[in-house]
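Beneath this line is the structure, given in structure tokens, with notes to follow.
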Amino acid sequence: MMRSFWQHVNKPGARKRLLKKAHTVDTRGDERKRRVAQANYDKERVRKNKQLDVQRKGRRNAAKAKLTAVVPRLTLAEVEKLRIDEINLQIRWHRQFDKDVPAAKNTPSGKAKRIKVLMDAVGRYVRGEMHPKNDTQESMEQSDGNDAQGMPRCEDEHDDE
């Protein structure tokens, strides 16, 4: 099968027709048009992705500002007056620095159960087991060659022995 194809293509007349057809396709500019269209699409996609990144960053900054503005409620009487979304915000505030606070997807449903989770976190906070980190403390930890948890950062340098 392959041999008959090559024998057909290698005939002088067939080769001439193929070269002529390839030349007409090349001179039509189809490939150039395709490359230009692809470049335009890529530019548009980059513009849209940058726009999405700006929106995401804005939402992240808004959420971060909302968390930094939280004043922790430390008594049961204050906590019981809160609405569920305010309780969730308090739980998120405690979760920033207390790993024992469950993630949002693992937080039990129902106001009473959420209050219990929040009061457990408040208890650890009041006893001094967990403290919120301020930005200057984090930046000092990171500037001494350690990450935010105080662990040495991995560098790209590898010791070859």
Considering the stretch 86-119 alone, what residues qualify as being more than 20 Å from residue 130 (Cα to Cα) and loosely packed, with under 12 Cβ neighbours inside 10 Å?
105, 106, 108, 109, 110, 112, 113
Scan of the stretch 74-110 for residues that are at pLDDT below 85 and of a type in the set (Gly, Ala, Ser), ordered by number:
104
Sole miss for residue 130 among (1) touching a Lys or Arg at 6+ places or on another chain (Cβ under 6 Å); (2) modelled with pLDDT of 75 or more; (3) not charged (D, E, K, R) is condition (2)
How many of the residues in the stretch 85-126 are of a type in the set (S, T, N, Q) and more than 16 Å from residue 74 (Cα to Cα)?
4
Only one of 39, 62 that is more than 25 Å from the chain's Cα centre (by Cα) and surrounded by fewer than 11 Cβ atoms within 10 Å (Cβ to Cβ):
39
Those residues of the stretch 68-85 which are loosely packed, with under 10 Cβ neighbours inside 10 Å and either within 27 Å of the chain's Cα centre (by Cα) or closer than 14 Å to residue 96 by Cα (or both) amount to 69, 71, 85
Pairs, first touching a residue at least 40 places away in the same chain (Cβ under 8 Å) in the stretch 61-90, second part of a loop (DSSP other than H, G, I, E, B), C-beta under 7 Å, six or more apart:
73/82; 79/73
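The values are calculated or read from the model by the stated rules, or taken from the named source; none is laboratory data. Keep in mind it's a predicted model, so treat the numbers as computed, not measured. When we count neighbours, we look across all protein chains shown, and the Cβ atoms used for this are built from the backbone with ideal geometry, even at glycine.
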